[in-house]
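S.K.: Got a structure here, written out as structure tokens. Questions coming.
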Amino acid sequence: GVDGRVAIHITLDALAIAATLLSMLGAVIFNSIMVGIGLTVIVANFIGKILLEVLYYKDVVDAFGDVGEDIEINWAVMVTGWIIGIFILLFYAYAHGAFIAENVRGIMTKSNYQNEKHSCCCV
């Protein structure tokens, strides 16, 4: 029901916050595994949210039947939101992936951060 969906959304949001904090901590201590786990959880969270929305749409159609244009407009809004979300997720994934790649190759590590910090946008 609706309460179950709300609980799932809250759980997914809490996991996303925890994954973001894990990624940030991993970046601070130069741990690519923590950053990778954080990224994986965020991507899974995005997919989970889409699945919940599709199931909700299916429940609405099952309960009320195809009520015409109103449902189609909502569907178009959801898909547009997903497309925008994918672009945001790609920027997020790029930053994580670049950090992981540079960390694994030894370019961005704790020991040589002083040599590389000029390439960081935050400094």
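S.K.: What is the ratio of the Cα radius of gyration of the range 6-63 to 2.2 N^0.38 Å, where N is its residue count, to two decimals?
M.R.: Taking the Cα Rg and dividing by 2.2 N^0.38 Å, one obtains 1.42.
S.K.: Would you mind computing, in nm to one decimal, how far apart the modelled labels at VAL28 and ASP62 are, each placed 7 Å from Cα along Cα→Cβ?
M.R.: Modelled inter-label distance: 4.5 nm.
S.K.: OK, next. Between TYR113 and HIS9, what's the calculated FRET efficiency when r is the beta-carbon distance and R0 is 35 Å? Round to 0.05.
M.R.: 0.40
S.K.: Could you go through the range 17-23 in sequence order and give the Karplus-derived ³J(HN,Hα) for each residue, using 6.51 cos²θ - 1.76 cosθ + 1.60 with θ = phi - 60°, rounded to whole Hz, and x for Gly and Pro?
M.R.: 5, 4, 5, 5, 5, 4, 4
S.K.: Same structure, new question: Run the paramagnetic zone check for ILE50: 7 angstrom along Cα to Cβ, then residues of the range 1-42 with backbone nitrogen under 14 Å.
M.R.: Answer for the range 1-42: 42.
S.K.: Applying the Karplus parametrisation 6.51 cos²θ - 1.76 cosθ + 1.60 with θ = phi - 60° to the phi angles of the range 85-93, what ³J(HN,Hα) value in whole Hz is obtained for each residue in order, glycine and proline being reported as x?
M.R.: Karplus values, whole Hz, x for Gly and Pro: x, 5, 4, 4, 4, 5, 4, 4, 5.
S.K.: Taking the alpha-carbon set of the range 76-115, what are its Rg and Dmax in Å?
M.R.: Cα only, the range 76-115: 15.6, 49 Å (Rg, Dmax).
Throughout, read-outs are computed from the coordinates displayed, never taken from laboratory work. What you see is a predicted model, and the numbers here were worked out from it, not measured in a lab. With ideal geometry, Cβ positions are generated from the backbone for all residues, glycine too; neighbour counts draw on all protein chains shown.
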